[in-house]
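Comments concern the structure below.
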Amino acid sequence: MVFRVLIIGGTGQVGAAVVRALALEPSCAEVVMVNRRAISLSADPRVRQVVLDTAAAQFSVEVAKLAQSMVAQGDPVYGASCVGVGKGSMNWSEEELKALEIGVVGGFARGCQAGGITRFSLLSAVGSTSKSRVRYVRVMGLKEEAVQGIGFERLAIFRPGIIAGNAHTPRYVAWLGRLIPGRFGTIEQNDIARAFVAEFISSSAPNGVVYLENAAMRQRSRALK
């Protein structure tokens, strides 16, 4: 069965990898990227962009209209957020992080749900919890809680450890991360991207919230044909 994806954060490192992986998937009929500014796209006609002001009061409403237009075509439509600050997060205040990770991502997710999208995939980070004393981890946990509260039928939360193949991850950090077993270790960016695609393809997956850490993402990536 073919499907369509409405994604925000598709211009970032992980998001761009997800878009590339979707472009390689024959059953993906369309990828619509919500961007703050126009970018150069590949020649693939299935990938297009819609420029929206993420700070506008009507942002969620505009996303809902876009989602409705995609759902109206009759194919399953999945929402995805790959928004992330990257290595510059230390230069952001907590308020700025919340405005992006909770405000923008939450607004996008609410628009998706209001437009008829019932399944959503969210990029987060390993160990995320709103109770953490570490600012970034705490904000990621708050983002997860905000999106969970929207009420998607299925919510897949991706929690990678150290991301290899990412411009924001120094090579020596990715190498050292390979020595760390489990969820806090290194995972290839392309494995994360393929795991997102596997989630979209798994239309029969049970409803509810699922957390995908390094091992689960690798397993899904390898199982993807």
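The values are calculated or read from the model by the stated rules, or taken from the named source; none is laboratory data. Computed from a predicted model, the values in this text were never measured in an experiment. We place every Cβ from the backbone using ideal geometry, glycine too, and count neighbours over all the protein chains shown.
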Please list, ordered by first then second residue, the pairs with beta carbon atoms under 7 Å, 6 or more apart or interchain, first in region 204-225 and over 16 Å from Ile163 (Cα atoms), second small (Gly, Ala, Ser) and at pLDDT 95 or above.
-> Val210/Ala156; Arg220/Ala195; Arg220/Ala198; Ala223/Ala198; Leu224/Ala198
Only one of Glu101, Glu96, Glu62 is farther than 22 Å from Ala167 by Cβ and outside any loop (DSSP other than H, G, I, E, B), namely Glu62
Per-region count, region 15-59, residues hydrophobic (A, V, I, L, M, F, W, C), under 24 Å from Met1 (Cβ atoms), assigned to a helix (DSSP H, G or I) and touching a helix residue (DSSP H, G or I) at 6+ places or on another chain (Cβ under 8 Å) | 4
Among the residues of region 189-210, is there at least one that is among the β-branched types (Val, Ile, Thr) and touching a Phe, Trp or Tyr at 6+ places or on another chain (Cβ under 7 Å)?
-> yes
Could you please give the count of residues in region 1-20 that are farther than 22 Å from Thr118 by Cβ and buried (at least 23 other Cβ atoms within 10 Å of the Cβ)?
-> 2
Could you tell me whether Ser121 is in contact with an Asp or Glu (Cβ under 7 Å, 6 or more places away or on another chain) and surrounded by 20 or more Cβ atoms within 10 Å (Cβ to Cβ)?
-> yes
Give, as residue ranges, the strands (runs of 3 or more DSSP E) completely inside region 115-219 that count at least 3 residues that are touching a Cys at 6+ places or on another chain (Cβ under 9 Å).
-> 119-123
In region 56-84, anything of a type in the set (A, V, I, L, M, F, W, C), touching a residue at least 40 places away in the same chain (Cβ under 8 Å) and over 14 Å from Val147 (Cβ atoms) is listed as Phe59, Val61, Ala64, Leu66, Ala67, Met70, Val71, Val77
